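Okay, structure first, notes after.
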Amino acid sequence: MKKVYLDNAATTQLNQKVVDEMTSVLVNSYGNPSSTHFFGRDSKTIIELSRKFIADMFKVKPKEIFFTSGGTESNNMIIKSCVEHGVERIITTKIEHKAVLNPVLNLSQDKKVELEFLNIDHEGNPDLNELESLLLKPKKTLVSLMHINNEIGTMIDLKKIGSICHSHNAMFHSDTVQTIGHFPLDLSLINIDFITCSAHKFHGPKGVGFTYINEKNKAYPLIMGGEQERGLRGGTESTHNIHGLKIALEEAHKNLLDDQKKVKSLKQLFLKRIHASVENVEINGNLNESSYTILNLRFPITKDKKDLINFKLELAGIACSSGSACQSGSSQPSHVLSEILTKEEMKKISMRFSFSKFNSKNEIIYAADSIKNILSEC
């Protein structure tokens, strides 16, 4: 059976160079990075060289990069640190990733922080006029807005929002999990306090990521233990995973412009063939101001056919998603689509297709034609 993987927003195929490099570290650099002998120093060197590489890439200082297990831990660390150090209010939206929504809801329910949700438009863009209005209230505030939405791909303007937050003395955090490895990001040009990363979103290993914390801000350890990561993240560092993150990031940026061009053309080809063969298909989100890797489509098929369509997609070997991988198995509709679509629109089936440089033109043609046939049978 032919298999086509179009769920790259959930996770990505490992780059072979990453596998090779990680294997070498696993075999040859097994010392504990906290040990003072040469085995430990070897592992520590790998970690610190990775930290410097990442810092240089984002135009920040190495001491502002902290390794974690990924985006969820990083988001939790940032949000809870801010509240621990006096943040009274958090401003966000209802279409953030659950790794942001659940912590802020939990903190608001515990009455530790005031929570404000910005209005969003039909394409998933936050109301920046409302943001400015809310920031007029003199409260110590954290603004948390994801750069690229993981379900619909809509991108916000980090520079503009950072400027708004800075002018009102608010801290700004952005979940950049869908950004890093796909777009260049120069943090020296943006007024931003925190960003987050997961290596497995750009052909790196699962279970590792980092958070950037601007040196002017204090942080509080989410995981307490030893003095690893300058006391902010206890536990023996995963040297091979950290090195894998570094190599994946290096590989992602090596031919970034060519890869962007290729993936964007695959997305356009897929959309063109779908539009040519299926009537009344709508795009969820903003096609023009969105990630080139993510496409969320709403089909003229009612949700009672969802299980049948998923079954036929499995038979055809096509892997895509009806929402975030973090919500798989949930009977609840997508919280993102529920916020931007009408009740009538929510009655239709929506599917997310996300592309990578490892996809081919032939795969895209096969997937689009298969979907056309599947929908015609339903």
Check: With respect to ASN280, is the statement that it is assigned to a loop (DSSP other than H, G, I, E, B), more than 28 Å from MET171 (Cβ to Cβ), without any contact (Cβ under 8 Å) to a residue 40 or more places away in the chain and within 22 Å of the chain's Cα centre (by Cα) true?
Finding: no
Notebook entry, point to check: Which one is nearest to the chain's Cα centre (by Cα) among residues in region 13-38 that are closer than 13 Å to LEU245 by Cα and buried (at least 17 other Cβ atoms within 10 Å of the Cβ)?
Noted result: LEU14
Check: Just for helices (runs of 4 or more DSSP H) wholly inside region 47-161: which have at least 3 residues that are in contact with a helix residue (DSSP H, G or I) (Cβ under 7 Å, 6 or more places away or on another chain) and aliphatic (A, V, I, L, M)?
Finding: 98-109
Check: With (1) assigned to a strand (DSSP E or B); (2) surrounded by fewer than 20 Cβ atoms within 10 Å (Cβ to Cβ) as the list, and PHE210 as the residue in question, which single condition is left unmet?
Finding: (2)
Margin query: Residues that are on the phi > 0 side of the Ramachandran plot, surrounded by 22 or more Cβ atoms within 10 Å (Cβ to Cβ) and modelled with pLDDT of 95 or more: does region 93-101 have at least one?
Written below: no
Margin query: With outside the structural domain of GLY153 (by TED's automatic domain parsing) and surrounded by 20 or more Cβ atoms within 10 Å (Cβ to Cβ) as the only criterion, which of SER338, SER290, SER277, SER370 stands out?
Written below: SER290
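The values are calculated or read from the model by the stated rules, or taken from the named source; none is laboratory data. Predicted model, so just to flag it, every value in this text is computed and none were measured. Positions of Cβ are generated from backbone atoms using ideal geometry, with glycine treated the same way; all protein chains shown enter the neighbour counts.
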